[in-house]
Structure formats: structure tokens, C-alpha cells
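None of the figures in this text is laboratory data; all of them are computed from the coordinates on show. Values in this document were obtained by computation on a predicted structure and should not be read as measured data. Positions of Cβ are generated from backbone atoms using ideal geometry, with glycine treated the same way; all protein chains shown enter the neighbour counts.
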Amino acid sequence: MSSLEKVQSIDMIKYFRLFVAIIVVTAVFYLGFEISQTPNAYSVLLGEEQVGIIVEEVLAEDLLKEAKLCIEEDLGGTIDICSELTVEPIRASQKEIIAKEELIFKLKNQISYDINAYSIKVDGVEQAVLINNNDAQAVLEKIKAKYIEEGIKAELISFVEDVKVEKKLVKSLDDIISVDEGVTLLTKSSEAQKIYTIEEGDSLWGVSERYNLTVEDILKANPDLEEEGILQIGQEISLNIPKPILSVMTKEEFKYTEPIEKPVRYEKDDTQYKTYIKVVEPGEEGEKEITAYKVRINGYEEGTEIISEKVLKEPKESVVIVGTKTPPPKSATGSFRMPTSGRLTSTFGQRWGRFHAGIDLAGPVGTPIYAADGGTVVEAGWHGGYGYLVRINHGNGFETYYAHLSKVYVSVGQKVAKGEQIAAMGSTGNSTGSHLHFEIRLNGEAKNPYNYLK
């Protein structure tokens, strides 16, 4: 080989080595570039905002669940997450990658969510919102507990209004109240007017005690009422009773006995006048046991609800003979008949430390009142404590009084026959219930009617 060929061979080797070196350098550079662009982590996004960078993609959903649980634990309720979580692969340096705990903290503070709250609705109107169903039920149970007393079963306690607890999404804790706040809100009272009907034995003081009012409260609600005035049975008065948003009804079971009215069979006697009445078989009232609920609303007695009735003793029939003949002219016969049918409630003589000048016979308002004997009406109208009164002069010094009438059917100067209807029973004047106060006077002196009635 010539020296020229040797030189050329050496140059070729140099060029080849240079070419190989260039190829290697180029390959190394390209490989390094490719490696630098390959994702090695994941960006966690809420919407379009990056929250942090993690190494494992599957961690994102798990950490979001942990953040949700932390929020629910803090709230004491559950939430629905509104933010959309996405994960994108990226190339990141080691120091850009954050720890799991830090990402959970960031997620807690950046996710948006709705709170699953519970709404208490009263008659369809939302009145309170609680953090969870347990709190909502606790509010209702605490309100009921205010009225639980001995003898009242839990199943007999209910709300007067239609109450529903419904799930509701809210944006902020500001819309939610505590259990105690809920109880206070639903039991806050406003005044509501109640009409009360006077019953036998009622007084203003007794009614005020029953409804936790003062006598002054009742008088303010009833301008026409006087503190010392007489209350009439059946009279209606207004009561301004506190009424909360949510009212509680309680029912307490109790038992009592009540008489069963005896049936009356009338037999006609055409030999006697129409004014003739004779009881030949007195009969006997029966008795029944009644099981009932005493109903209260917010602790105030509202009435009774009959559950069942059981007959303890059957009544016995009464037999009464009645005359059918037309009575004689309207003049005194010299004897007196019972002026009405009814139950004897007060006898002649001393009563309650005072002298009672007649007898009291109780019966329903409107029960017919008859002249005890023929005579002339000398008074028919209002007479102070007697209320509406009819007074009949029978001659020979005898007069009869018929008091507390609801209606008067005769006038002064009118002649009436024995047994003729003259009025209807009532409760006017100083009276505590529907009855007839009947007197017989001789020369102005009150006599025991039972010594003259036949």
C-alpha cells in the first residue's frame, strides 16, 4: 500500500469515528429530550383551577372522599359536592408534588358543596331548618315533652297542625339552626282568640285559673262583662289564649259514670182533667260507665272525647197517668199541682246559710211551666234576682211564684187555668243552671210547696 493510500485510509477512519460520535450525541440528546417531556405526575383540578400535584392518579378520588368526610364530620351532617374534579397527567419536579394531607386540606377549603339539611314544615309552611334528621326529630320530641304528664301515654300525644320533616339542600350554615333554637322558634306564642261557653259552676276566677289567665285579662277581652256580674250558663265569652306556631294535643284516658234517663210511658185517663198527672210507677234511672279522653291543647283543657260506654244498670220504665178531660173554668181549685217536670235540686228551708223560700226543679231550657192552680196573673216580667218571673194570685191569700224563666207566655191581668202553660224554663237572674224556682205564699209568707202539692 502506497503512502497516499495509507493517509486516505486513516482519514476515512477519522471521519467514520466522527460520524458515529455525532450519531451517539444526537441520540443521547433526543433521548434526554423525550424523557424530559414524559409525564411523571398528575395535576388535580377543581373546575379549571389547579389544587395540587400528586404522583398517583387514583389518589385524587380517594382524597376527595376523605375531604368530604372531614367536612361532614365538622358539620354534623352530609353534603353533596358541586365542584367537578379532574386529573391531568403532567411533568413535574419532585418539589412540586404535595403530600396527601396537604391536598386534603386544600380540597376541604376549595370545593363547593350543598348541605343536606332537614326542613320542618307546619301546615305546608317551612318554619325551621336543621342540620340532620335526628336534630329535626329532636326538636319535635322536645316540644311534645313539655306536655307529658303522668297518665298520658306517648302514643296519645300529637300535633294539632300537619307537621312534616323533609330533606332540603342549603348553601350555608347560616340557614341552619340548632335544636334549642328550633324549640324556641316553634313554641313562640302569639295571641289567638278562643270562645268559651259558660258551664254550671263556672266563675271568672275559675275560668282564668284553667287557662292560665288573670280575671283582668278576661275582662279586657270582654268589655261588657263585670267582675261581680252573674255568669249565665250557655253564655259565651272571649279568651285571648297564647298560641304557638306548633300546638301539642294530649289525651288522658279517664272513666266516669252517668245516669241513663228512664223511659216514661203515659197512660190516658178520660175521667181526669187534662191537668191531671199521676205517677203510678216511678221507674228508676239506669247507670252507665263512660271511658273517655280528656283532651288538652298546649296544656289547656279543650274538651272530652268519648271512647266507649258500658251499661252498669238498665233503667226501669216510669208509668204516668194523664187526664184527657177539659179543665174547669180558670179559677182556683184550692189545690196545687207540680208546675213542671224536673229533678229536685234544692228543697225549701235553709240553704248555704240562707233561707230558701221555695223549691228548685232542674230541666232543659224551654221545659214547659204550668200554673199550679187557676188564678189571675199579677206579675209577668223581669224581677231582679228572680230573672223573668210570673206571679199568680189564687185568692184566699195564696200566690205562686215561677222564677228564672226563659220565656213568659202570659201577661198581667190574664186569667189562667190549673195546668195551663204559662212559661218556659230557663236560667235568668241569679241562676247557675236551667231550672224553675217555685214558691207558694200564703198572705205573703213563704210555705213549703211540698205541703200543698198533690
| task | First check a/c for region 116-188, with a ≥ b ≥ c the square roots of the eigenvalues of its C-alpha gyration tensor; if it is under 1.5, answer rounded, and if not, answer prolate when a/b is larger than b/c or oblate otherwise. | result | prolate
| Square roots of five times the Cα gyration tensor eigenvalues for region 71-222, Å | 55, 15, 13
| remark: Using the Cα gyration tensor of the chain, the equivalent ellipsoid's semi-axes, largest first and to the nearest Å, work out to 105, 21, 16
| query | Which angle between 0 and 90 degrees, to the nearest 10, do you get for helix 133-145 versus the longest principal axis of the chain when only C-alpha atoms count? | reply | 20
| remark: The whole-number value in µm²/s of the Stokes-Einstein translational diffusion coefficient for region 251-319, with Rh from the Kirkwood sum over alpha carbon pairs at 4 °C and 1.567 mPa s, is 87
| query | Any idea which of Ala362, Val408, Pro339 is furthest toward the positive side of the dipole for region 334-414, if Lys and Arg beta-carbons carry +1 and Asp and Glu beta-carbons -1? | reply | Ala362
| request: Report the trypsin sites (Lys or Arg not before Pro) located in region 317-422 that are in a DSSP loop and have at most 16 other Cβ atoms inside 10 Å of their Cβ, or state none. | output: Lys330
| task | Could you list, in their original order, any pairs among Lys167/Lys294; Lys407/Lys454; Lys146/Lys294; Lys121/Lys255; Lys313/Lys418; Lys220/Lys255 whose Cα atoms are separated by more than 29 Å? | result | Lys167/Lys294; Lys121/Lys255; Lys313/Lys418; Lys220/Lys255
| Under a no-solvent Debye model with one identical scatterer per Cα of region 303-454, what's log10 I(q)/I(0) at q = 0.16, 0.18, 0.20 Å⁻¹? | -0.87, -1.06, -1.27
| request: For a footprinting-style exposure proxy, rank Asp373, Asp270, Asp74 by other Cβ within 10 Å, fewest first. | output: Asp270, Asp74, Asp373
| task | Per DSSP H run of at least 4 residues, take -39500 (n - 2.57); add these up for the chain, divide by its residues and hand me the 222 nm value, nearest 500 deg cm²/dmol. | result | -7000 deg cm²/dmol
| field | Per-bin percent of Cα-Cα distances, region 41-111 [5 Å] | value | 3, 18, 30, 25, 14, 7, 3, 1
| remark: In whole µm²/s, the translational diffusion coefficient that Stokes-Einstein assigns to region 389-446, given a Kirkwood hydrodynamic radius over C-alpha pairs, 10 °C and 1.306 mPa s, equals 131
| With axes computed from alpha carbons, what is the tilt in degrees of helix 100-110 against the longest principal axis of the chain, rounded to the nearest 10 within 0 to 90? | 50
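Taking the Cα centre as origin and putting +1 on Lys and Arg beta-carbons and -1 on Asp and Glu beta-carbons, what dipole magnitude results for the chain, to the nearest 20 debye?
2240
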| request: Calculate the length of the line joining the C-alpha centroid of region 238-283 to that of region 410-454, in whole Å. | output: 23
